[in-house]
Amino acid sequence: MPKAWIPDGFLAPREAEPVQDEEGFGIEASAVSMAIEVVSPGRRNQDRDHVRKRREYARAGIPVYVLIDDYDGQGAVTLFTGPRPDKADWEDIHRVPYGTEVTIPEGPAKGFVIGEAITGPKRK
């Protein structure tokens with residue numbers, strides 16, 4: 001069985017087919033239209049969200065990956081779109097500091113704005 005990744009949040013249709021795993025729950029990555037991660041403290045957690053999950057979500061073809069990171073400088077939101085499963089990477093990577101608005105460009109959350117209401121103001 002392939003490794004299961006559990007994002008902090010995701011969007012998928014309510015009727016997505018459940019998949020049995022060792023935890024007894026899950027859905028196929030192909031049903032996920034957006035994965036969201038909030039980076040936790042610690043080098044291992046940061047590596048997992050910045051490198052391993054970034055690659056695996058691209059490899060799975062998930063259209064949008066949102067990374068909210070308190071530990072990136074003064075805080076940053078990075079929006080990954082255009083997955084390249086063959087390269088385990090992304091076509092477009094857009095990083096903004098906290099306090100700067102970024103808008104989800106596609107999928108069911110299209111037009112949703114991540115800004116100060118979620119991240120707080122730009123830190124100094």
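Tabulated data
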item	result
Hey, D89 surrounded by fewer than 16 Cβ atoms within 10 Å (Cβ to Cβ), at negative phi, of a type outside the set (S, T, N, Q) and in contact with a helix residue (DSSP H, G or I) (Cβ under 6 Å, 6 or more places away or on another chain) or not	yes
The listed residue being of a type in the set (D, E), closer than 14 Å to M34 by Cα and out of contact with any Cys (no Cβ under 6 Å at 6 or more places or on another chain), out of E116, E91, E106	E106
Per-region count, segment 99-124, residues closer than 18 Å to D49 by Cα and free of Cβ contacts under 8 Å to residues at least 40 places away in the same chain	0
Unmet requirement for A60, which otherwise passes all of (1) surrounded by 17 or more Cβ atoms within 10 Å (Cβ to Cβ); (2) aliphatic (A, V, I, L, M); (3) touching a strand residue (DSSP E or B) at 6+ places or on another chain (Cβ under 6 Å)	(3)
Yes/no for A16 being small (G, A, S), outside any strand (DSSP E or B), surrounded by 13 or more Cβ atoms within 10 Å (Cβ to Cβ) and without any contact (Cβ under 8 Å) to a residue 60 or more places away in the chain	yes
Output for segment 68-78, where each listed residue is crowded, with 22+ Cβ neighbours inside 10 Å and touching a His at 6+ places or on another chain (Cβ under 8 Å)	none
A60 vs. criteria touching a residue at least 24 places away in the same chain (Cβ under 8 Å) and either more than 14 Å from the chain's Cα centre (by Cα) or over 25 Å from R123 (Cα atoms) (or both)	yes
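Each reported figure results from applying straightforward, stated rules to the coordinates on display, with no laboratory input. On a predicted model such as this, the values are computed, not experimentally measured, just so you know. Note that each Cβ is placed from the backbone with ideal geometry, even for glycine, and that neighbours are counted across all protein chains shown.
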